[in-house]
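Engineer: Before anything else, here's the structure in question.
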Ligand code: ADP
Ligand code: MG
């Protein structure tokens, strides 16, 4: 069974159709990257997957269960399997690094506090911030803050982690530390759906790459296909311009 199965998905804002017949199947443990020009619908696709936007048509089957957008319990069940990290890391400025990572699992998910804290320490160690547990966000660089955001997302124990341009707001010299961290996360035994403009990173880390334009998937394939031998003219134009 696929971990995430998106079938015939169409979505719009007011009367602007931004996703137009998306079919995508992601297997458990797979790393799939979404690339494509700005406005092609990548973030919107993540919004629909996380239940923030109801599709007009089509369906999403997560772990064998179809998301019912009219049913709060169904949405909650779906959200508990997912975590998302955005370009803006939105840490709580009045909380330490450790508290930022533990607050949602302990308070919202009501997990055992000492277990959550042990998890958080392990994850912060993993993202290279084991010495910053008691620091506050404004004492950290943008790259460090984004690594806290990644640890925070993982501490929710998601089955699928969605990353939406997590390096786009960073100074260039901070980008690689975050990309290196994501590579480490790939070993956390989760499914990763990544939106990124960092083409070298996408090529290196992805099992499959999805090229989107105009709300449609234009081409899906392994990185070697998408970057070196695209089968669709539109993909070739994009990857030759950007790589
Ligand atoms: P991408 O992430 O690939 O850059 P988006 O999914 O953000 O693309 O946007 C797809 C299209 O939807 C764009 O035309 C964008 O202007 C439009 N859009 C995005 N968010 C909204 C919104 N909240 N309201 C109206 N239109 C939106
Ligand atoms: Mg976007």
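The values are calculated or read from the model by the stated rules, or taken from the named source; none is laboratory data. Values in this document were obtained by computation on a predicted structure and should not be read as measured data. Every residue, glycine among them, receives a Cβ derived from its backbone with ideal geometry; neighbour counts consider all protein chains shown.
Engineer: What's the total number of residues in the range 114-131 that are surrounded by fewer than 19 Cβ atoms within 10 Å (Cβ to Cβ) and part of a loop (DSSP other than H, G, I, E, B)?
Structural biologist: The qualifying residues number 3.
Engineer: I would also like to ask the following. Determine whether the range 94-111 contains at least one residue that is at pLDDT below 95, within 27 Å of residue 183 (Cβ to Cβ), in a loop (DSSP other than H, G, I, E, B) and within 19 Å of the chain's Cα centre (by Cα).
Structural biologist: No.
Engineer: Now, a different point. Conditions: (1) exposed (fewer than 14 other Cβ atoms within 10 Å of the Cβ); (2) more than 24 Å from residue 223 (Cβ to Cβ); (3) within 16 Å of ligand 2 (Cβ to nearest atom). Residue 50 meets all but one. Number of the miss?
Structural biologist: Evaluating residue 50 over (1) exposed (fewer than 14 other Cβ atoms within 10 Å of the Cβ); (2) more than 24 Å from residue 223 (Cβ to Cβ); (3) within 16 Å of ligand 2 (Cβ to nearest atom) leaves (1) as the failure.
Engineer: Let me ask something else about it. Pick out the one residue from 38, 43 that is at pLDDT 95 or above, under 23 Å from residue 168 (Cα atoms) and crowded, with 16+ Cβ neighbours inside 10 Å.
Structural biologist: Just one listed residue meets the conditions, 43.
Engineer: Please go through the range 177-202 and give me each residue that is crowded, with 17+ Cβ neighbours inside 10 Å and out of contact with any strand residue (DSSP E or B) (no Cβ under 8 Å at 6 or more places or on another chain), ordered by number.
Structural biologist: 177, 178, 179, 181, 198, 201
Engineer: Residue 8: more than 16 Å from ligand 2 (Cβ to nearest atom), modelled with pLDDT under 95 and touching a strand residue (DSSP E or B) at 6+ places or on another chain (Cβ under 9 Å), yes or no?
Structural biologist: For residue 8, the condition - more than 16 Å from ligand 2 (Cβ to nearest atom), modelled with pLDDT under 95 and touching a strand residue (DSSP E or B) at 6+ places or on another chain (Cβ under 9 Å) - is not met.
Engineer: Identify the residue in the range 74-86 that is in contact with a strand residue (DSSP E or B) (Cβ under 9 Å, 6 or more places away or on another chain) and crowded, with 17+ Cβ neighbours inside 10 Å and, among all such residues, is farthest from residue 158 (Cα to Cα).
Structural biologist: 86
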